[in-house]
Amino acid sequence: MDSSSHDVLLVGGGGAGLRAAIAVAEVNPKLSVAVVSKVYPMRSHTVSAEGGAAGVARPDDSLDEHAYDTISGGDWLCDQDAVEAFVKEAREELLQMEHWGCPWSREPDGRIAVRPFGGMKKERTWFAADKTGFHMLHTLFQTSLKYNAITRYDEWFVTKLLVDDGRVQGVVAIELMSGKIQAITSKAVIVCTGGCGKVFPFTTNANIKNGDGMALAYRAGCPLKDMEFVQYHPTGLPFTGILITEAARAEGGYMLNKDGYRYLQDYDLGKPQPGPVLRTMELGPRDRLSQAFVKENEKGRTIEGPYGPVVHLDLRHLGAKLINTKLPFVRELCLKYQNIDPIKELIPVRPVVHYMMGGVHTNMNGATPIKGLYAAGEVACVSINGANRLGSNSLPELLVFGARAGKSAAAFASDQRPAGSAALTQAMDEQRRLEEQFLRKAGGRERVATIREEMQKAVESGAGIYRTAKTLQESANKLQELQERFPNIALDDHSRTFNTELTSALELSFMLDVATSIVQCALHRKESRGAHQRTDFPGRNDTEYLAHSLVTRKEDGSSQLKYLPVTITRWPPGQRVYGR
Amino acid sequence: MGKRSFVPLFWTLFSVGGVVAAFLIPIHLFLFGLAFPLGWIQPPTYERLLALARLPLVRLYLFVLCSLPLFHWAHRFRYTLYDGLQVKHLNELIILGTYGGAIVGTLVAGYLLWSL
Amino acid sequence: MTEKPVYTEFHPRWYRTRVSTYWWLDRTPYVKFILRELSSIFVAFFVVITLLQIRALGQGPQAYPAFQQRLQAPIMVILNILSLLFVLFHTITWFNLTPKAIVLRVRGRRLPDLLIAAPNYVAWLVVSGVIAWIVTGG
Amino acid sequence: MADKITLEVARYDPERHTEPTFEKYEVPFRKDWVILDALNYIKDRLDGSLSYRWSCRTGICGSCGMMVDGEPKLTCATFLSSYAPGPVRVEALRNFPIVRDLVIEMTDFMVKLKKVKPWIVRENEKPISQGEYLQTPEQLENYKQFSMCINCLLCYAACPVYGLDNLFTGPAAIALAQRYNLDSRDVGARERREILSDHEGIWGCTFVGECTEVCPKHVDPAGAIQQYKVDAAIDWFKSFLLPRGAK
Ligand SMILES: Cc1cc2nc3c(=O)[nH]c(=O)nc-3n(C[C@H](O)[C@H](O)[C@H](O)COP(=O)(O)OP(=O)(O)OC[C@H]3O[C@@H](n4cnc5c(N)ncnc54)[C@H](O)[C@@H]3O)c2cc1C
Ligand code: SF4
Ligand code: F3S
Ligand code: FES
């Protein structure tokens, strides 16, 4: 078996991974850094973020206000020390991006421009037109090319973390191009694999967001934190999950049910007016709108589309002129990717899964409880997002905690021994497993796509916008069944060269683990907080649940749940007030 | 090719030649190639034409009109041979034939106009 | 490939397509492209004829009419018509491409391509008029 | 509207085939389906061994470029309905070695990208604490268009010059070099020019212009290359006249 060796290894080449790699290369140019990514780095999902990145920029704003917005937005489940570090460094990191060439939008005098954003009380969201994530990712990627210490493994799929003697020692990965299975050993590993939206049937997330890193860490014995908190966005296109921005409603779009009725008036969101009114009706908070959709569906007043129930977003009354000047991107998306013209047609929408608040348990430096293992980005849960992430906090999070994880991993790796032989033995076992269970396996009856679709359905029906003990238990049972059926999958493709059926199968197995942990955590949290809404426990319960859930895998494969208190520094829990 | 490559020079000559060809050749072609021979327009007399051509400024003009478009042709034709016929292995020969041709043409033009 | 691929037991053959010799017939834009490039031959042809004409001019009042006669031959007329068409094609493509190479900005906004190309055409008409006027004797 | 459409998909497995062949698949015909949805349908229900790249499905990640009926397209932004009643031919991007089915080998581009130094080059770096480098919206506008490249490589598939000679740096890499040259924060133009102005760098481009035609993000690489040639030529004359100390 081939193997190669580095000092610090990044799993993932998205925003977080690249930022971390550069951090390592800058703090200690003598270290060799490897970036292993299953897609070319510039294809990573950070590329899709549109809106912007939050960081205090104006004299009328302050770090404390950004911190408070973040904490209250997260329904007080954020670790406040982490939030304080985050808001301070967010600004510095965004400036660093500017120095690296990020084409931030500007004021006429040449200063960085900022825009308002949902849940932020001051204008502090930096943006690069409506392609912020795209520009950030390409800036990071192109800048990373300058460092010769960074070695890239493009289109290598990591299947396992090597942990021996309580210390991480590298990974096993498949080179997609050739099918070669190889051990890449290292003194520290930073997992930056992004979110897991694909666990759900409808999501804004790309095809590559399968929670790989969460499952890798979980299987290596590292706890996952706050997995029950999954953010929905109320207006996504069905089937594709393409996001229709809040601006469409801010400009005066209506939400209609199957009778053409503005149904939000039935959900304590104010009375319909012809034009948009802040914080009423269509401009209510994201979670409330998503919840209203579920209720409307229960009443049988949604429209049955080819991909499940939808409601309509109506922009027709706004007229061609307003749509073309104020919402050109919305129209472009609808026309280009859905073949619908919002000037003349109703847009079918539904709530779609958007972001994962939970993830691999880390401290403020990105370190996990396993020695040498770090995590950063959406895959990690530091926890600054608490029970609900604010829009535009995720991009700066990648930078801040990517850089922090990079620096601490570099420091850790500087005085470690290289990986031992036990790691290589493990790698050999992993190679055997991959060959036997997938590549050389004959027979089997289950199709990857079938199990995946059943899983997605089960997770949505059980751990969707509203949850109850009953639905969650049903999901848990279904997932258990699917876990048992998984070994019986049949693969059409036994080739080594770019075998994407193999990677889909591996991703499916990762997703099954992640889905199970989401459902388990949701089942145990008997309260409603932020994105986690239990109809059987409607209120927030600070006495019992002002705490992070930690789920760990036991030897026998079952999971174990614990709670960890939330760090409160200066902002005692209060009510999260929106609307009136 | 290293820093002292002459490609930028030839490219510039190609471009300027392209401009000259675009602006000036159509009318010349129309007058001398079609309108005069076919009698659409009464051609100028020999004497007038000679007198005109002997004016220093017109000599210079004719020199530019002949030389630069040749460099335009040389560069374009060279790449057409490369790409259209995929004969890159004949590189040296093609360069000699094209740019060489343009240089010879330029010398001829200079000689003819000088001795006019 | 700039970097030589490393073929190992895991790197089987990549399939490489060869561009056909007649690639320029594959798609309409390519045909147009090759016609544009071929226009240069007619440019050169024009120069050769013009040089011959200058030579005839220098050879005296007897040689010149003989040269003029030769231009009336049908084959020459056909060649000249063809040349004119090709050169006009060159002129049009050349003018339309100028905006690509030169970016003009007025108060920070990039001028639309048409606005850059249009003056070319105007200037072209004027220059052609002046030349015709001088040659035909005003 | 028929409810089925046939896709002819190029299949190639280097372990078993010597050259690509076409396989026919019948897929449902839906108004809101793009070519990529049809491929996903094939992979999920008909033939799991079909390989291709995709991720975002919104035309921003740049993974899903393929030849659709002979034209380079982002398959996530190309509707099936434009090809009704079919059949539609889907092949790997032209001008690149084919690894497998619809997957191309793109190391060549990655090497070239790095070669043109697509990062900000500066003589002195000011500390972060001193804030941003000012850049007016006009200065931003100067290079903005060239920064929109998603590295989808459709332009390389459309450029015959690249197809004939892989040494040519090619449209996207040059556009990205120009993106940094035109950035008011950058002073690396000279370094980049030295790399790019050799024969294979920019002069190979004969301005076919198809790169710009097929670019889904309106980057206009053909324009970038032309501007680059003009700059390089001016530079050449300058350095010829003032061999030393020339800027
Ligand atoms: C449509 C959309 C819009 C958004 N808009 C905003 C916004 O406006 N503001 C904001 O702050 N946030 C926004 N977000 C959220 C934000 O974009 C993401 O949270 C963030 O980009 C995640 O970045 P990352 O670096 O953690 O992961 P990613 O960018 O997803 O990168 C993951 C990396 O891991 C690699 N990888 C994964 N699995 C493996 C494996 N098994 N082996 C090897 N490599 C692997 C992948 O190849 C990839 O390189 C948006 C999200 C979406 C979906
Ligand atoms: S220039 Fe356009 S076509 Fe070429 S890679 Fe970039 S986005 Fe794609
Ligand atoms: S298609 Fe090719 S030849 Fe030049 S203008 Fe574009 S790079
Ligand atoms: S799938 Fe991302 S560009 Fe098409």
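For segment D:198-207, a residue qualifies if it is more than 14 Å from ligand 2 (Cβ to nearest atom) and more than 7 Å from every other protein chain (Cβ to nearest Cβ), and the qualifying residues are D:GLU200, D:GLY201, D:ILE202, D:GLY204. Got at least one residue in segment D:23-37 being part of a strand (DSSP E or B), under 17 Å from D:PHE96 (Cβ atoms) and touching a residue at least 60 places away in the same chain (Cβ under 8 Å)? Looking for residues that are part of a strand (DSSP E or B), under 17 Å from D:PHE96 (Cβ atoms) and touching a residue at least 60 places away in the same chain (Cβ under 8 Å), one finds none in segment D:23-37, hence no. Residue check: D:ARG53 meets all listed conditions (1) over 25 Å from the mean Cα position of the chain (by Cα); (2) facing chain A (nearest Cβ under 10 Å) but one, namely (1).
So that you can scan it fast, the table gives a plain yes or no per residue for (1) surrounded by 14 or more Cβ atoms within 10 Å (Cβ to Cβ); (2) more than 22 Å from B:PHE77 (Cα to Cα); (3) within 16 Å of ligand 3 (Cβ to nearest atom):
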| position | (1), (2), (3) |
| --- | --- |
| D:ALA189 | yes, yes, no |
| D:PHE207 | yes, no, yes |
| D:GLU210 | yes, no, yes |
| D:HIS218 | no, yes, yes |
| D:ILE225 | yes, no, yes |
| D:VAL230 | yes, no, yes |
| D:ASP235 | yes, yes, no |
| D:LYS238 | no, yes, no |
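I'd like to verify a number: residues in segment A:15-70 that are within 24 Å of the chain's Cα centre (by Cα), of a type in the set (D, E, K, R) and farther than 29 Å from A:GLY372 by Cα, how many? Total meeting the criteria: 2.
Among the residues making up segment A:166-205, those that are assigned to a loop (DSSP other than H, G, I, E, B), under 30 Å from A:ASN365 (Cβ atoms) and away from ligand 4 (no atom under 16 Å from the Cβ) are A:GLY166, A:CYS192, A:THR193, A:GLY195, A:CYS196. Report whether or not D:VAL99 is closer than 27 Å to D:GLU15 by Cβ and assigned by TED's automatic domain parsing to the domain that holds D:THR212. It is false that D:VAL99 is closer than 27 Å to D:GLU15 by Cβ and assigned by TED's automatic domain parsing to the domain that holds D:THR212.
Looking across segment A:343-353, the residues that are farther than 14 Å from A:ALA463 by Cα and part of a strand (DSSP E or B) come down to A:ILE347, A:PRO348, A:VAL349, A:ARG350. The number of residues in segment A:28-69 being β-branched (Val, Ile, Thr) and within 16 Å of ligand 4 (Cβ to nearest atom) comes to 3.
Only residues that are more than 9 Å from chain C (Cβ to nearest Cβ) and among the aromatic types (Phe, Trp, Tyr): list them for segment B:15-59, please. The one that is more than 9 Å from chain C (Cβ to nearest Cβ) and among the aromatic types (Phe, Trp, Tyr): B:TRP40. If the condition is being among the aromatic types (Phe, Trp, Tyr) and assigned to a helix (DSSP H, G or I), then segment A:137-165 contributes only A:PHE141. When residues in segment C:2-44 are screened for being at pLDDT below 85 and within 14 Å of chain A (Cβ to nearest Cβ), 11 of them pass. The residues in segment A:19-44 that are in a helix (DSSP H, G or I), touching a Phe, Trp or Tyr at 6+ places or on another chain (Cβ under 6 Å) and hydrophobic (A, V, I, L, M, F, W, C) can be counted, and the count is 2.
Okay, residues lined up against (1) within 16 Å of ligand 4 (Cβ to nearest atom); (2) away from chain A (no Cβ under 13 Å); (3) modelled with pLDDT under 95:
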residue	(1), (2), (3)
D:LEU74	yes, no, no
D:GLY86	no, yes, yes
D:GLN135	no, no, no
D:ASN151	yes, no, no
D:ALA157	yes, yes, no
D:PRO160	no, yes, yes
D:GLY163	no, yes, yes
D:ALA172	yes, no, no
D:ASP183	no, no, no
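The listed residues are B:ALA74, B:ALA51, B:ALA35, B:ALA22, and the only one of them that is in contact (Cβ under 8 Å) with a residue 60 or more places away in the chain and on the phi < 0 side of the Ramachandran plot turns out to be B:ALA74. Against the definition (farther than 27 Å from A:THR362 by Cα and more than 9 Å from chain D (Cβ to nearest Cβ)), how does A:PHE117 come out, yes or no? Against the criterion (farther than 27 Å from A:THR362 by Cα and more than 9 Å from chain D (Cβ to nearest Cβ)), A:PHE117 qualifies. For segment D:211-229, the set of residues classified as in contact with a Ser or Thr (Cβ under 9 Å, 6 or more places away or on another chain), at negative phi and within 16 Å of ligand 4 (Cβ to nearest atom) consists of D:VAL219 only. The residue that is nearest to ligand 1 (Cβ to nearest atom), counting only those in segment A:206-233 that are assigned to a helix (DSSP H, G or I) and either of a type outside the set (A, V, I, L, M) or within 14 Å of chain D (Cβ to nearest Cβ) (or both), is A:ASP212.
Take D:SER81 and tell me if it is in contact (Cβ under 8 Å) with a residue 40 or more places away in the chain, polar (S, T, N, Q) and more than 16 Å from ligand 1 (Cβ to nearest atom).
yes
The set of residues in segment D:89-102 that are surrounded by 24 or more Cβ atoms within 10 Å (Cβ to Cβ), aliphatic (A, V, I, L, M) and not in a loop (DSSP other than H, G, I, E, B) comprises D:VAL90, D:VAL99. Hey, does segment A:486-498 have a residue that's in a helix (DSSP H, G or I), at pLDDT 95 or above and more than 30 Å from A:TRP156 (Cβ to Cβ)? No: zero hits. Here A:TRP100 passes the criteria (1) more than 12 Å from chain D (Cβ to nearest Cβ); (2) more than 23 Å from the chain's Cα centre (by Cα); (3) in contact (Cβ under 8 Å) with a residue 40 or more places away in the chain except the one numbered (1).
Which of the residues that make up segment A:472-500 are buried (at least 22 other Cβ atoms within 10 Å of the Cβ) and among the charged types (D, E, K, R)? Matches in segment A:472-500: A:ASP493, A:ARG496.
Only one of D:ARG100, D:ARG94 is more than 16 Å from ligand 1 (Cβ to nearest atom), over 25 Å from D:GLU26 (Cβ atoms) and either of a type outside the set (A, V, I, L, M) or touching a His at 6+ places or on another chain (Cβ under 7 Å) (or both). Can you tell me which?
Of D:ARG100, D:ARG94, the one residue that is more than 16 Å from ligand 1 (Cβ to nearest atom), over 25 Å from D:GLU26 (Cβ atoms) and either of a type outside the set (A, V, I, L, M) or touching a His at 6+ places or on another chain (Cβ under 7 Å) (or both) is D:ARG94.
Only a single item in (1) within 14 Å of chain C (Cβ to nearest Cβ); (2) part of a loop (DSSP other than H, G, I, E, B); (3) surrounded by fewer than 23 Cβ atoms within 10 Å (Cβ to Cβ) is not met by D:ILE120, and it is number (1).
The values are calculated or read from the model by the stated rules, or taken from the named source; none is laboratory data. Because the structure is a prediction, the values reported are computed rather than measured. Note that each Cβ is placed from the backbone with ideal geometry, even for glycine, and that neighbours are counted across all protein chains shown.
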